1. Restricting the search to the stretch 171-210, which residues are crowded, with 19+ Cβ neighbours inside 10 Å and under 18 Å from ARG146 (Cβ atoms)?
2. Of all residues in the stretch 102-146, how many are of a type outside the set (Gly, Ala, Ser) and assigned to a helix (DSSP H, G or I)?
3. Could you say whether any residue in the stretch 32-46 is modelled with pLDDT of 95 or more and away from the ligand (no atom under 16 Å from the Cβ)?
4. Identify, please: which residue in the stretch 47-78 is touching a strand residue (DSSP E or B) at 6+ places or on another chain (Cβ under 7 Å) and in a helix (DSSP H, G or I) and is, among those, surrounded by the fewest Cβ atoms within 10 Å (Cβ to Cβ)?
5. Of everything in the stretch 26-46, what is among the charged types (D, E, K, R) and either part of a strand (DSSP E or B) or within 11 Å of GLY13 (Cβ to Cβ) (or both)? Give them in sequence order.
6. Give the residues of the stretch 193-251 that are assigned to a helix (DSSP H, G or I) and basic (Lys, Arg), sorted by residue number.
7. So which residues in the stretch 1-26 are near the ligand (Cβ under 7 Å from one of its atoms), more than 23 Å from THR80 (Cβ to Cβ) and not aliphatic (A, V, I, L, M), if there are any at all?
8. When you check ALA92 against the structure, is it outside any strand (DSSP E or B), over 21 Å from GLY17 (Cβ atoms), among the aliphatic types (A, V, I, L, M) and within 15 Å of the ligand (Cβ to nearest atom), yes or no?
Amino acid sequence: MNKLANKVALVTGASKGIGAAIAKQFAAEGAKVVVNYASSKEDADKVVQAITENGGRAIAVKGDVSKEEEIAALFEQAKTAFGTLDILVNNAGIYQYEPIEQVSAGTFHGQFNINVLGSILAIQESLKLFGDTGGNIINISSEAGRTPLPTGSVYSATKAALDAITVSLSKEFSGKNIRINSILPGVVETEGSRSAGFIGSDFEKKLVDTTPLGRTGQPDDIAKVAVFLASDDAAWITGEKISVSGGIYGL
Ligand code: NAP
């Protein structure tokens, strides 16, 4: 269980849900982890505590990924703590399902600023910290980006944009040994999907009924694939969009 030994990883939005699971699995595989959060210090501290109790190393660092100065400070703290960076996971994200009539400049910019701009700002900062041997970026996108559902127009557009960034940058990084891939989860049971009302809803039941593997995803389903992409097992994979959704793609 040392697939990420001697690696330093920064996971945005790692105080809850998918990000927290990725941070814990990365640490279990030997990585030193920066656990970023926006406001939930207590939750981020719990993730760090779970990692350290398991013999790993991690720090919690506050920072809103959509704000340039906060992103810069986040990476500065990562550098101070661990000296370098090998892996960035752009996981911080928000989802707001609403009919088109209700979409406002506020809900549009809110989602694009965190899901898309935040990822771009984090990638820019990570490039300054990646060493001569290259780096590894994982964008947590969504199956909603390529199989959009009603009332998810803006959210789906943010994830389609993120996937376009993945493919474009995989080519832009040619010759630099920087790999970049998207993971596209289906519905995953997290604090966010619970508070959005998905978990336990008719919507979830309908999705599960039409999912070949017949269940809602768990954060560890995504984290295990993130470990694979972050590790040398995926050394020949870049610019890919990998669905982790129980087979629901195409519905
Ligand atoms: P979640 O349970 O709501 O947790 C969101 C995390 O992102 C929290 O740690 C939160 O920090 C952080 N965050 C929110 N805004 C931030 C900001 N501006 N700067 C930094 N961190 C911020 O989310 P989740 O369900 O695990 O989803 C994680 C990612 O997976 C998102 O990108 C989402 O779009 C994607 N995804 C989720 C599902 C699903 O069904 N859950 C499906 C497909 C894709 P605080 O706690 O401090 O606010």
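1. ILE180, ASN181, SER182, ILE183, LEU184, PRO185, GLY186, VAL187, VAL188, LEU207
2. 20
3. yes
4. Top of the filtered list is THR52.
5. Selection gives LYS32, ASP43.
6. Result: ARG194, LYS205, LYS206, LYS224.
7. Scanning the stretch 1-26 gives LYS16, GLY17.
8. When the stated conditions are applied, ALA92 does not pass them.
The values are calculated or read from the model by the stated rules, or taken from the named source; none is laboratory data. Just so we're clear, the structure is a prediction, and the values are computed from it rather than from any experiment. Because the Cβ atoms are built from the backbone with ideal geometry, glycine has one as well, and the counts that use them run over all protein chains shown.
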